[in-house]
1. GLY35: net charge of surrounding residues, Cβ under 12 Å, Lys/Arg +1, Asp/Glu -1, itself excluded?
2. Would the range 63-111 count as rounded, prolate or oblate if I go by the C-alpha gyration tensor, calling it rounded below 1.5 in a/c and otherwise prolate when a/b exceeds b/c, oblate otherwise?
3. Kindly report, to the nearest 10 Å², the accessible surface of ARG99 as traced by a 1.4 Å probe over protein heavy atoms only.
4. Which residues make up the longest stretch of the chain that has no GluC sites (Glu not before Pro) in a DSSP loop with at most 10 other Cβ atoms within 10 Å?
5. Would you mind counting up the charge near GLY15? Only other residues with Cβ under 14 Å from its Cβ, with Lys and Arg at +1 and Asp and Glu at -1.
6. Under 16 Å from a point placed 7 Å out from the Cα of ALA14 along the Cα-to-Cβ direction: which residues of the range 88-107 have their backbone N that close?
7. How large is log10 I(q)/I(0) at q = 0.14, 0.24, 0.26, 0.31 Å⁻¹ when the Debye formula is applied to the Cα atoms of the range 14-65, each weighted equally and without solvent?
8. For GLY55, what charge total do you get from the other residues with a beta carbon under 10 Å from its beta carbon, if Lys and Arg give +1 and Asp and Glu give -1?
Amino acid sequence: QVQLVESEGGLVQAGGSLRLSCAASGVIFSRACMGWFRQAPGKERELVGAIDWSGGATYYADSVKGRFTISRDNAKSTVYLQMNSLTPEDTAVYYCAARWCASGYAISGYNYWGQGTQVTVSA
């Protein structure tokens, strides 16, 4: 059974930083593409960042490019999302997700999801 467990989010002031982590189990993590999504109240879930199995290829939504960094540690079966220069518009529930990938990263088709963690950025 695949499980994805995100770290606790939190409340941070605008301009601050926060790092989320997501620990995976029950999956061959080193061959899984990973993604971070977020969903703000009243909005659709959106992909924030994605990473291939090796960590060598990444994707970022335009809204977070240059501020967020996705990375992974296959030895720890963990994916991270470093968030810098946070703004109130980044307030959302953040989810990590996994899927099998032959190569590259994936922007859709994720099969497995974490429970989500709330990130709130105050002005």
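1. Values: positive: ARG38, ARG45, ARG72, ARG99; negative: GLU46, ASP52.
Summing Lys/Arg as +1 and Asp/Glu as -1 gives +2.
2. Prolate shape, in that a/c is at least 1.5 and a/b is the bigger ratio.
3. My reading of the accessible area for ARG99 is about 70 Å².
4. Working: sites that count: GLU8, GLU44.
The reported range is 45-123.
5. On the way: positive: ARG67; negative: GLU89, ASP90.
It works out to a net charge of -1.
6. Of the residues in the range 88-107, 88-92 have backbone N under 16 Å from the label point off ALA14.
7. The Cα Debye sum returns log10 ratios of -0.47, -1.11, -1.18, -1.26.
8. Values: positive: ARG72; negative: ASP52, ASP73.
Residues near GLY55 contribute -1 overall.
The values are calculated or read from the model by the stated rules, or taken from the named source; none is laboratory data. All of these numbers come straight from a predicted model, not from anything done at the bench. Backbone-built Cβ (ideal geometry, glycine too); neighbour counts: all protein chains shown. We work out accessible area using only protein heavy atoms, side chains counted, and drop any ligands, DNA or RNA first. Shrake-Rupley method; radii C 1.70, N 1.55, O 1.52, S 1.80 Å.
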